[in-house]
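Shown next, in structure tokens, is the structure this report addresses.
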Amino acid sequence: MSANTTTPPGPGTSAPGEAVVPLMRGVAVLRELTGAGGAMRLSELERATGLARSTVDRVTATLARMGYARLEGRDAILTPRVMELGNAYLAALRLPALLGSRADALADELDESVSLAVADRDGIRFIHQATRRRAMSLSFRIGDLLPAERTAPGPLFAADWTDADWERWRTRRAADPQDRGFSAVPAAAPHRAPDEDFVRRAARAAAEGWALDDQLIEPGLVAVSVPVRDPGTGRVACVANVVSHTSRHTASDLRDTLLPRLRAAVTAMERDLLQAPAAAPGPSPAGLALWTGASKQELGREFIESLARGLTVLTAFGEGRAELTLTEVAKATGLARATARRALITYEHLGLVTPGGPERTFSLTPQVLSLGFPPLSRTTLPRIATPHLAALAERIHESTALAVLTDGGDEIQYTAGVAAHHVMSVDVTVGTRRPARVTAAGRVLTAGYSSGGEASAASTVPDAGFAFVDEELEQGLRSVAVPVRDRAGRVVAAVGVATHAARRTAEECVRDLLPEVAATAALVESDLRVAARFTRVALS
Ligand code: PHB
């Protein structure tokens, strides 16, 4: 039994008396937003959660203050920062960090998608995806939950199910015959497979050590799976999957040709797990409680402190911090023991935390990924940057843009842009190219390889981390840009603003605009760091 040791409450189970009601409401809002693809009208949220409008307003204002959502008109939209909740689970689990590169290498070798999934109650949840770019590929996102019986990894996990697990599965099947509770999969066919089919598949999977999915999710989609066992306990830690389409491989084809290579990769993964050094605990996010207190002071009634404090409890977990005692959670978050305890009780009730081991510890469950992760797991740098560019454009009343270097390296291309409302505003249409040499963004992006001598001294200061270009591209056009760096410190894009010489002097551009542009780039970098920890964020 891997992740199936807790029985989350059914819909009718009432919350324990000590549960923190505002935290339950916040989690409900995050789950609804996630299921809806990351954005919802506030009125829809009201309907979906059954909460009063004033409560929805306060919950979303609190999430916005935490940087987990933003409010745009009458919509609430999840932001990349909310991925830090799922990141806490994935970091604590360690499997993506230890096995992800093997999965990626196998995907390259086979030219097919490869994924890793863990058990989540009577479902499976993806923790890693190495996908191919193809016209025809249905691929799931990290954090997506699938019904076990419609997948290849499902029978491998079910091989370890207890009677209670089977009972729960039968109850769910009877209550939800069309799989409406699984927003990532198409509705089950009207003549779905009988329960006995899955019982047989689980028995076969146990005997053979692999399993197939022959178009159980959707016509054309096939998969073959092999369990990756924890060398310490011998239990299934996760399942590795190769996914294809019947236009390339039939299910029996997958078994005959790709299964042997999947097995070889899994053998290597198990060796990696055996040889992995003990997890090094990262720094704990101490001091969070102080921050929430300050926000309460500032925002008053609109800020629900118990929600903010409760959510920080999830971020106490991480690499080398997979199992924490109440004392450790309180210490990491700066919360009073009683506050941390009530948050943990609430999370246990919600199925997000499970008590484990004789040491009185708690750990996160895969359900933490249902708090915002899937809709954001395929985000791009332009999407991350756009709200920040819009906020900047509104503050300084100038056009703002994100740009990358084109393949040749002598041009830049805008990948996101927000135009200022001026008669004379700079065109920052996405896709527009400009010579790198005479744009501030271009100077920033080429600073790495151009020799200092060839740049005009008056306008380029790459060492200072920004570039200023004065009327070189076009008369009257002044631009300032700063680099955007990824987690590894590589410059991957530039954020820039452009203004007209009549509006600001060269000195004013540097004095007034540069700090604003730099602050915007810092926000983009911070989102990128969170989003790219366990997912690949496309740069354009
Ligand atoms: C996937 O990774 O997309 C996948 C894995 C196993 C399945 C179906 C899809 O059975």
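The values are calculated or read from the model by the stated rules, or taken from the named source; none is laboratory data. This is a predicted model, so every value here is computed, not measured. Methodologically, a virtual Cβ is constructed for each residue, glycine included, from the backbone with ideal geometry; neighbour enumeration extends over all protein chains shown.
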> Looking at (1) over 30 Å from residue 282 (Cβ atoms); (2) in contact with an Asp or Glu (Cβ under 9 Å, 6 or more places away or on another chain); (3) among the aliphatic types (A, V, I, L, M), can you tell me which one residue 517 breaks?
Replying inline: (2)
> So, in segment 27-52, of the ones that are free of Cβ contacts under 8 Å to residues at least 60 places away in the same chain, assigned to a helix (DSSP H, G or I) and of a type in the set (Gly, Ala, Ser), which residue ends up surrounded by the fewest Cβ atoms within 10 Å (Cβ to Cβ)?
Replying inline: 43
> Restricting attention to segment 518-540, and to residues there that are of a type in the set (Lys, Arg) and in contact (Cβ under 8 Å) with a residue 40 or more places away in the chain, which single residue is farthest from residue 416 (Cα to Cα)?
Replying inline: 533
>> For the condition out of contact with any strand residue (DSSP E or B) (no Cβ under 7 Å at 6 or more places or on another chain), surrounded by fewer than 14 Cβ atoms within 10 Å (Cβ to Cβ) and not polar (S, T, N, Q), what is the one hit in 235, 172, 168, 200?
In response: 200
> For segment 64-76, what are the residues that are within 16 Å of the chain's Cα centre (by Cα) and free of Cβ contacts under 8 Å to residues at least 60 places away in the same chain?
Replying inline: 67, 69
> In segment 125-165, what residues are farther than 24 Å from residue 88 by Cα, surrounded by 17 or more Cβ atoms within 10 Å (Cβ to Cβ) and of a type in the set (A, V, I, L, M)?
Replying inline: 148, 152, 156, 158, 159
> In segment 69-122, which residue that is of a type in the set (Gly, Ala, Ser), under 16 Å from residue 531 (Cβ atoms) and touching a helix residue (DSSP H, G or I) at 6+ places or on another chain (Cβ under 7 Å) is surrounded by the fewest Cβ atoms within 10 Å (Cβ to Cβ)?
Replying inline: 88
>> So, in segment 234-253, exactly how many residues are within 9 Å of the ligand (Cβ to nearest atom) and in contact with an Asp or Glu (Cβ under 9 Å, 6 or more places away or on another chain)?
In response: 3
> Taking segment 336-393, which residues are within 25 Å of the chain's Cα centre (by Cα), more than 30 Å from residue 238 (Cα to Cα) and of a type in the set (D, E, K, R)?
Replying inline: 383
>> If residue 103 satisfies all but one of (1) under 19 Å from residue 258 (Cβ atoms); (2) part of a loop (DSSP other than H, G, I, E, B), what's the number of the condition it fails?
In response: (2)
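Out of the residues in segment 238-268 that are of a type outside the set (Val, Ile, Thr) and part of a loop (DSSP other than H, G, I, E, B), which is surrounded by the most Cβ atoms within 10 Å (Cβ to Cβ)?
249
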>> Being at pLDDT 95 or above, part of a helix (DSSP H, G or I), touching a strand residue (DSSP E or B) at 6+ places or on another chain (Cβ under 6 Å) and away from the ligand (no atom under 16 Å from the Cβ): is that true of residue 55 here?
In response: no
> Name the residues in segment 213-233 that are within 14 Å of the ligand (Cβ to nearest atom), free of Cβ contacts under 8 Å to residues at least 60 places away in the same chain and part of a loop (DSSP other than H, G, I, E, B), would you?
Replying inline: 215, 219
